[in-house]
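Bear in mind that the values in this text are calculations on the coordinates, not laboratory data. In this text the structure is predicted, and so the values were computed from the model without any measurement. Glycine gets a Cβ as well: all are built from the backbone with ideal geometry, and neighbour counts include every protein chain shown.
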Amino acid sequence: EPEVTQTPSHQVTQMGQEVILRCVPISNHLYFYWYRQILGQKVEFLVSFYNNEISEKSEIFDDQFSVERPDGSNFTLKIRSTKLEDSAMYFCARGDAAGDTQYFGPGTRLTVL
Amino acid sequence: GENVEQHPSTLSVQEGDSAVIKCTYSDSASNYFPWYKQELGKRPQLIIDIRSNVGEKKDQRIAVTLNKTAKHFSLHITETQPEDSAVYFCAAIYANAGKSTFGDGTTLTVKP
């Protein structure tokens, strides 16, 4: 099963700027997830997204974060006003069913200066 | 919420030996337990998973066991090879919601 691709591979931004990270799936995928991994640390769940709605989100996923998948196209993660501590790898994953096997994309490395 | 503890944090073995990594979880609602291998700078790659209705699963040199009563599951790698060297993460997932909790990871080093 193919995974997803993510763009950009590396994003550098200034603190306070908005960033949009993109996950490019095959159109028939319904289940998506965003994860964050700070360098050298564990993978942290951000949000799960089923049928174009948020299903579950973690404490990390506060008002600065949003996700959407307009018209079945790219699945995006937006960070409204980036902070230094947002610097991390952001992985998108897709699944075949709710809570089923998840396949990770290659990730976007976000660097906030 | 769910809490996953993973041990050990680092593990060094000789090539050909076995490696065992253990995870415990706290939420009895978790019912899906994947294991991921992550090489430096790469994405987590699923290597094996187990669901709560199964006690053990094996795939060639890799096996996973699950004890629902004790709320722990383990990864077993036999006949280790240098290319098994990586960080291994366990996770516990409540399938209905898809919310995952990962362990802190185990850095496995296989010495040739």
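May I ask you to sort A:Tyr33, B:Tyr32 by Cβ crowding, counting other Cβ atoms within 10 Å and putting the fewest first? List each step's numbers first, then the result.
Values: A:Tyr33 26, B:Tyr32 21.
The order, fewest Cβ neighbours first, is B:Tyr32, A:Tyr33.
Say R0 is 45 Å: what FRET efficiency, to the nearest 0.05, do B:Glu79 and A:Gln17 get from their beta-carbon distance? Mind showing how you got there, number by number?
Values: r = 50 Å, r/R0 = 1.10.
That pair, B:Glu79 with A:Gln17, gives E of 0.35.
Between B:Asp27 and A:Ala97, how high is the FRET efficiency from 1/(1 + (r/R0)^6) when r is the Cβ-Cβ distance and R₀ = 30 Å? Nearest 0.05.
Details: r = 20 Å, r/R0 = 0.67.
My answer for the efficiency is 0.90.
Using 0.36 nm times the number of residues separating B:Asp59 and B:Lys71, minus their current alpha carbon distance, what extension gain do you get? Working shown, then result.
Details: separation 12, 0.36 × 12 = 4.32 nm, distance 2.21 nm.
The span from B:Asp59 to B:Lys71 would gain 2.1 nm if fully extended.
Percent of Cα-Cα pairs more than 26 Å apart in chain B, please. The partial results should precede the final answer.
On the way: 850 of 6216 pairs.
Result: 14 percent of Cα pairs exceed 26 Å.
I need the semi-axes of the equivalent ellipsoid of chain A: take the C-alpha gyration tensor, multiply each eigenvalue by 5, square-root it, list largest first in whole angstrom.
22, 14, 13
When A:Ile38, A:Ile79 are ordered from fewest to most other Cβ atoms inside 10 Å of their Cβ, what list results?
Numbers: A:Ile38 13, A:Ile79 20.
Arranged by neighbour count, lowest to highest, A:Ile38, A:Ile79 become A:Ile38, A:Ile79.
Return the aspartates and glutamates within reach of B:Lys99: Cα separation strictly under 16 angstrom, same-chain partners fewer than 8 residues apart disregarded; answer none if there are no such residues.
Result set, ordered by chain and number: A:Glu44, A:Glu53, A:Glu56, A:Glu59, A:Asp62, A:Asp96, A:Asp100, B:Glu2, B:Asp27, B:Asp49.
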